[in-house]
Amino acid sequence: MIEARDSGSAEAAQKGRGRDFWPDDKPGRKLPSPKLLLAAAAALVVVIVAAVAVVMLTGGKDEPAAKQAAPTAYAPDYLGEGFAKIASRSADGRAITEGEAFSAKNLKSGKYSFALAASKLSSDCKAATWGSRLQADLAKYQCNQVVRAAYVSDDKKYVGQFVVINLVSEEGVKQILRDLDPAAGAGWVTPLKAPGVPAFGPGFSAAYSKTYGHYAVVTWVERAGGAQPASLNEMIDVSLVIENAADFLYGRLELASGGRSGQ
């Protein structure tokens, strides 16, 4: 498991923007444990070196869409804190609608602004993914919907993929998050093609997944064309903007909690 954060110095390991990865501005968003951050730092160095090699070999050129694209760096959050009320689909049985899933047409935070460029809500979880082991677990844990949305920054420099996987239980979410670790080789979600920018996937990209009750939420980001970022903090900042598209899930949590969000 790789913690996607900048590991350029000991000071960065202690005080880096990794603390902003899952901010506490909303119920359920908790910071990763310091032990997890430190244990993952060394592994991340290896991943970054490999990513640099890939970019050098391809020359940073636009490549055709990779059907089996997967992120270079990956950081899962299995805790699911604050979402106990919807840890099971039985407490939140209403299907996600397109109106909910794609209500965030524009996302903005700090210097980053994104617009929704492509979207798809599918009940065919197999068609939205690749990898036999991942697809088997999606079937095992009764995946019935996959939300996919592609966001492009106003300056066309960044692309973000937003994914929500609707599963029967939090147990299933945690298994899917394990499957999505590229080191597992189990498979991944197929990214959407956003018009006006190079195909998503080739080159360097970073993905962050989190347990939202019985939903697996994934933000997968890159510099357009897969160029190497200045640091992992850059990718973390972009991912936080894309994660705001998951706000509709807090509305579901509130309904299941009798109008009150939280545990």
With respect to Leu57, is the statement that it is among the aliphatic types (A, V, I, L, M), surrounded by fewer than 21 Cβ atoms within 10 Å (Cβ to Cβ) and at pLDDT 90 or above true? no
If a residue has to be farther than 20 Å from Gly99 by Cβ and either hydrophobic (A, V, I, L, M, F, W, C) or in contact with a Leu (Cβ under 8 Å, 6 or more places away or on another chain) (or both) to count, how many in region 226-258 make the cut? 8
Search region 238-253 for residues that are within 23 Å of Glu222 (Cβ to Cβ) and pair each with any residue that is open to solvent by 10 Å² or more (accessible area, probe 1.4 Å) and of a type in the set (Gly, Ala, Ser) when their beta-carbon atoms are under 6 Å apart and the residues are at least 6 apart or on different chains. Val241/Ser109; Ala245/Ala104
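Would you call Ala207 over 25 Å from Ala91 (Cβ atoms), part of a loop (DSSP other than H, G, I, E, B) and among the small types (Gly, Ala, Ser)? Step through it out loud before you land on a result.
Working: over 25 Å from Ala91 (Cβ atoms): yes; part of a loop (DSSP other than H, G, I, E, B): no; among the small types (Gly, Ala, Ser): yes.
Spelling it out, it is not the case that Ala207 is over 25 Å from Ala91 (Cβ atoms), part of a loop (DSSP other than H, G, I, E, B) and among the small types (Gly, Ala, Ser).
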Going through region 90-109 in order, the residues found to be surrounded by 13 or more Cβ atoms within 10 Å (Cβ to Cβ) and assigned to a helix (DSSP H, G or I) are Ala91, Glu100, Ala101
Restricting attention to region 110-161, which residues are of a type in the set (D, E, K, R) and either touching a strand residue (DSSP E or B) at 6+ places or on another chain (Cβ under 6 Å) or surrounded by 14 or more Cβ atoms within 10 Å (Cβ to Cβ) (or both)? Lys120, Lys126, Asp137, Arg148, Asp154, Lys157
Failed item, numbered, when Gln175 is tested on (1) part of a strand (DSSP E or B); (2) free of Cβ contacts under 8 Å to residues at least 40 places away in the same chain: (1)
Return the residues of region 211-256 that are part of a strand (DSSP E or B), open to solvent by less than 10 Å² (accessible area, probe 1.4 Å) and charged (D, E, K, R); say none if nothing qualifies. Glu222
Any idea which residue in region 71-89 is most open to solvent (accessible area, probe 1.4 Å), counting only those that are touching a Ser or Thr at 6+ places or on another chain (Cβ under 8 Å) and either assigned to a helix (DSSP H, G or I) or among the charged types (D, E, K, R) (or both)? Lys85
Condition check for Ala184: open to solvent by 30 Å² or more (accessible area, probe 1.4 Å) and without any contact (Cβ under 8 Å) to a residue 60 or more places away in the chain: yes
In this structure, is Val147 in a strand (DSSP E or B) and touching a Ser or Thr at 6+ places or on another chain (Cβ under 7 Å)? no
Which of the residues that make up region 199-210 are surrounded by fewer than 22 Cβ atoms within 10 Å (Cβ to Cβ) and of a type outside the set (A, V, I, L, M)? Pro202
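The values are calculated or read from the model by the stated rules, or taken from the named source; none is laboratory data. Please read these numbers as outputs of a predicted model, since none were measured by experiment. Positions of Cβ are generated from backbone atoms using ideal geometry, with glycine treated the same way; all protein chains shown enter the neighbour counts. Accessible surface areas use protein heavy atoms only, side chains included; no ligands, DNA or RNA. Shrake-Rupley method; radii C 1.70, N 1.55, O 1.52, S 1.80 Å.
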